[in-house]
Amino acid sequence: NNKITLIEKQLSDWCSETFTACFPETDLSSIHLGVIESKKEQFGDYQCEAAMKLAKALQNNPRAIGQAFIDKAVLPDVVEKIEIAGPGFINIFLKNEGLSAQLDAMLGDDTLGLPNIGNGQTVIIDYSSPNVAKPMHIGHIRSTVIGNSLDRLYRALGYNVIADNHLGDWGTQFGLIILGYREFADQEALKTAPVEELERIYVESYNRSKDDDTWRDRAKAELVKLQQGDAENRALWEKFIELTLSEFNKIYKRLDVSFDLYRGESYYNDDLASVIDRLQAEKLCEESEGALICNLEDDNLNVAIVRKSDGGYNYTTTDIATVASRTEEFQPSEIIYVTDERQQLHFKQFFHICKKLGIDTKLTHVWFGLMRLPEATFSTREGNVIKLEALLDEAEKRALEVVKASSPDMDEAQQREVARAIGIGAIKYTDLSQNPQSLVTFTWEKALAMDGNSAPYLQYAYARIASVRDKYAAQFPDTNPEDFPIILTEEQERRLALKLTRFASAVEAAVRLHRPSIMADYLYDLSQAYSSFYQNVPFLKADEGPRESRIRICALAAAVLKNGLSLLGIETPERI
Ligand code: ARG
């Protein structure tokens, strides 16, 4: 597409070209010459800070550099004026007509002006990735929600995304589970709560292995049989995966999450020996107490075991094999992994080893802190296991109360449908909106607040805009707003317009920094800008002309909110 030139991009290119023209003899390639959004309105709409950085490189006074810029600059159409401020900032003020033209262009584009940055490049996102025979924990749901939002954001910018659910479906625990299953599985429980029962079997079998040598040896024998392809054990193992996945898939369905691949750890079994060969050939590993390790102490990354003394491989080995296989098969420009913070060292280690093996694909670990859940969060909570299904049920139940209060006249089925969208949205938004690396505590009050930074607040803002649109259509059935130009007269109107033109920059920044929270913050600011516009600027009562212009701005605000929320995986009911 690229039909629409983003204002920010246009300004950045312009600043960079002008500075280059001012100092043709100097190499400016390492200095950021572009613009950023101004923090305060008196500083204009955008600012360029390059003069201060150039001052260091050129050993000159920043204001003099700013002046040189101003003397040289030929203002682009969209710019009203520029000025130097403070130590040498260049403040850029946009013309109202420039903003209206951009809104017009966005209204005429299905993608609302999103640039095709990805241009068909493949990106693999490895997310959710829970373990077989263990319930998904609160960290997996966060990985699922953040990973899925990254998936949507990358796709929106034209990347070809492969969502891969890298299930933990292999390892020594399967010997214990198979033995335990044979000895004490409760078939009834396996039908009603399969994952819980599998976990119970595992825990009990593991506990027995601790002080019962015979039990441990028998489990080991089952594992060896599984590894050697014994038909019966293989079938049991497949059954465990199937039972677990059928549970997980219920959650994925409710969260509207889907994967292109389900390649668990076992998929790479046959590649593990050759990973070791490669590491040995490159002299990247060494023998230590019978095990094979990569010593990364020189790089402050400790040591990573790649083959245990009993000959078994582990997590690091599998992940190296995974990268090798993915790069060969898909030639991705980036592989992104989404997990909780506890795995940071693991990812640093195998990224480092991959680099030493000459794999130069960009590897990114997106990590997040575990959300704290106060004791009173759930009505159903058993031991330490938080059942995700219960969390989602509770969210929908509480959202239903909210909907019943706000729309008592809505029929019950619709109330339930809206409550589902709000409840699921609230959970997702809580996971997405926080800076993922700070510790947060989950509360229902915050998640379901109608007047704070929450999904219901944004969904409600959308529904309100939709209702204004409907009211307009009912009152003025014969006028087509498209026949009128967008004109920006009021302050709040201009502010909203400026915010709307920044949609693409928000998506682009969320992708560049792998942070859906940037998108969430943008949408929250947008709906606040909309609120003050709606409260202060006459609308349906305005004269013909401004009225149609405003309804068109409204339509764009609705489209940006709907689209933006869908990039977070959040639905927007027309009525709440
Ligand atoms: N199964 C792992 C866990 O639950 C997460 C896997 C993440 N992906 C990866 N390629 N290591 O902790």
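The values are calculated or read from the model by the stated rules, or taken from the named source; none is laboratory data. Owing to the predicted nature of the structure, the values given are computational and were not obtained by experimental measurement. Ideal geometry is used to build each Cβ from the backbone, glycine not excepted, and the neighbour counts take in all protein chains shown.
Structure values in brief
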{"quantity": "Tally of residues being at positive phi and either free of Cβ contacts under 8 Å to residues at least 24 places away in the same chain or basic (Lys, Arg) (or both) across region 7-66", "calculated": "1"}
{"quantity": "The lone exception for Arg63 - which of (1) outside the structural domain of Tyr46 (by TED's automatic domain parsing); (2) over 30 Å from Glu491 (Cα atoms); (3) away from the ligand (no atom under 16 Å from the Cβ); (4) not aliphatic (A, V, I, L, M) it fails", "calculated": "(1)"}
{"quantity": "Residue in region 166-199 that is farthest from Gly147 (Cα to Cα), counting only those that are within 16 Å of the ligand (Cβ to nearest atom) and not in a helix (DSSP H, G or I)", "calculated": "Thr172"}
{"quantity": "Number of the exception - Glu196 against (1) in contact (Cβ under 8 Å) with a residue 40 or more places away in the chain; (2) within 30 Å of Gly113 (Cα to Cα)", "calculated": "(2)"}
{"quantity": "Output for region 453-489, where each listed residue is farther than 23 Å from Ala105 by Cβ and more than 34 Å from the chain's Cα centre (by Cα)", "calculated": "Lys471, Ala473, Ala474, Gln475, Phe476, Pro477, Asp478"}
{"quantity": "Within region 67-81, tally of residues that are small (Gly, Ala, Ser) and under 16 Å from Ser12 (Cβ atoms)", "calculated": "1"}
{"quantity": "Any chance Arg464 is within 10 Å of Ala399 (Cα to Cα) and surrounded by fewer than 20 Cβ atoms within 10 Å (Cβ to Cβ)", "calculated": "no"}
{"quantity": "Candidates Arg547, Arg552, filtered to the one that is of a type in the set (Lys, Arg), buried (at least 16 other Cβ atoms within 10 Å of the Cβ) and within 24 Å of Thr111 (Cα to Cα)", "calculated": "Arg552"}
{"quantity": "Subset of region 10-52 [of a type in the set (Gly, Ala, Ser), more than 23 Å from Asn96 (Cα to Cα) and surrounded by 16 or more Cβ atoms within 10 Å (Cβ to Cβ)]", "calculated": "Ser16, Ala50, Ala51"}
{"quantity": "Residue match in region 235-247 (condition: exposed (fewer than 15 other Cβ atoms within 10 Å of the Cβ), closer than 30 Å to Glu389 by Cβ, modelled with pLDDT under 95 and not aromatic (Phe, Trp, Tyr))", "calculated": "yes"}
{"quantity": "Candidates Tyr252, Tyr202 - the one that is within 16 Å of the ligand (Cβ to nearest atom) and surrounded by fewer than 19 Cβ atoms within 10 Å (Cβ to Cβ)", "calculated": "Tyr252"}
{"quantity": "Residue check, Gly98 away from the ligand (no atom under 16 Å from the Cβ) and surrounded by fewer than 16 Cβ atoms within 10 Å (Cβ to Cβ)", "calculated": "no"}
{"quantity": "So Arg494, is it within 23 Å of Lys428 (Cβ to Cβ), of a type in the set (Lys, Arg) and surrounded by fewer than 22 Cβ atoms within 10 Å (Cβ to Cβ)", "calculated": "no"}
{"quantity": "Whichever residue in region 275-298 is of a type outside the set (D, E, K, R) and touching a residue at least 24 places away in the same chain (Cβ under 8 Å) and, among such residues, is farthest from Gln228 (Cα to Cα)", "calculated": "Leu296"}
{"quantity": "Odd one out for Trp215, checked against (1) more than 40 Å from the chain's Cα centre (by Cα); (2) surrounded by fewer than 19 Cβ atoms within 10 Å (Cβ to Cβ)", "calculated": "(2)"}
{"quantity": "Every pair of residues 6+ apart whose Cβ atoms lie under 8 Å, when the first sits in region 328-356 and is more than 15 Å from Val275 (Cα to Cα) while the second is within 8 Å of the ligand (Cβ to nearest atom) and among the hydrophobic types (A, V, I, L, M, F, W, C)", "calculated": "Tyr337/Phe347; Thr339/Phe347"}
{"quantity": "Wholly enclosed strands (runs of 3 or more DSSP E) of region 270-359 bearing at least 2 residues surrounded by 20 or more Cβ atoms within 10 Å (Cβ to Cβ) and within 16 Å of the ligand (Cβ to nearest atom)", "calculated": "303-307, 334-340"}
{"quantity": "Residues within region 448-459 that are modelled with pLDDT under 95 and part of a helix (DSSP H, G or I), tallied", "calculated": "0"}
{"quantity": "Test: residue in region 235-249 that is over 16 Å from Asp169 (Cα atoms) and either out of contact with any Cys (no Cβ under 9 Å at 6 or more places or on another chain) or not hydrophobic (A, V, I, L, M, F, W, C) (or both)", "calculated": "no"}
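Conditions tested, residue by residue: (1) of a type in the set (Phe, Trp, Tyr); (2) modelled with pLDDT of 95 or more.
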position: Glu97; (1), (2): no, yes
position: Leu114; (1), (2): no, yes
position: Pro135; (1), (2): no, no
position: Ile138; (1), (2): no, no
position: Tyr154; (1), (2): yes, yes
position: Ala163; (1), (2): no, yes
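Per-residue answers, yes or no, for (1) surrounded by 24 or more Cβ atoms within 10 Å (Cβ to Cβ); (2) modelled with pLDDT under 95; (3) within 30 Å of Ile427 (Cβ to Cβ):
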| site | (1), (2), (3) |
| --- | --- |
| Ile146 | yes, no, yes |
| Leu167 | no, no, yes |
| Ala185 | no, no, no |
| Pro194 | no, yes, yes |
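Let's see how each residue does on (1) assigned to a helix (DSSP H, G or I); (2) within 15 Å of the ligand (Cβ to nearest atom); (3) closer than 17 Å to Trp367 by Cβ; (4) of a type outside the set (Asp, Glu):
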site: Ser128; (1), (2), (3), (4): no, yes, yes, yes
site: Met136; (1), (2), (3), (4): no, yes, no, yes
site: His140; (1), (2), (3), (4): yes, yes, yes, yes
site: Thr144; (1), (2), (3), (4): yes, yes, yes, yes
site: Leu150; (1), (2), (3), (4): yes, yes, yes, yes
site: Leu153; (1), (2), (3), (4): yes, no, no, yes
